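Working notes, structure below.
The values are calculated or read from the model by the stated rules, or taken from the named source; none is laboratory data. Since the model is a prediction, treat every value here as computed from it, not as a measurement. All accessible areas refer to the heavy atoms of the entire protein, side chains included, with ligands and DNA or RNA removed. Shrake-Rupley method; radii C 1.70, N 1.55, O 1.52, S 1.80 Å.
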Amino acid sequence: GDTLAERTGRSRGTYLRMAVRSMLPALEQQHWNEVAADFESTTFESEFVRIMGAAFDSRPDVGE
């Protein structure tokens, strides 16, 4: 980074800002992918528990 800054006459901060700006869309996409995955996991788990609970609640008692 320092060599590039020296050769171009730009500050090191300029290149750091450029790098951060270029990475923001990818970081934001990763964040939303993680949010979606967490939501799906929680939703599927709670729906599975609900369905299984309903299935066991509606079974006739065995052995009575």
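Taking all protein chains as present, what is the carbon and sulfur share of the accessible area of the chain, in % to the nearest whole number, probe 1.4 Å?
Within the chain, the accessible surface is 59 percent carbon and sulfur.
Using only Cα atoms, tell me the angle between helix 12-57 and the longest principal axis of the chain; keep it within 0 to 90° and round to the nearest 10.
Here the helix axis deviates by roughly 0 degrees.
Please give the per residue accessible area of the chain, computed with a probe of 1.4 Å over protein heavy atoms only, in Å².
Details: 5880 Å² over 64 residues.
Per-residue value: 92 Å².
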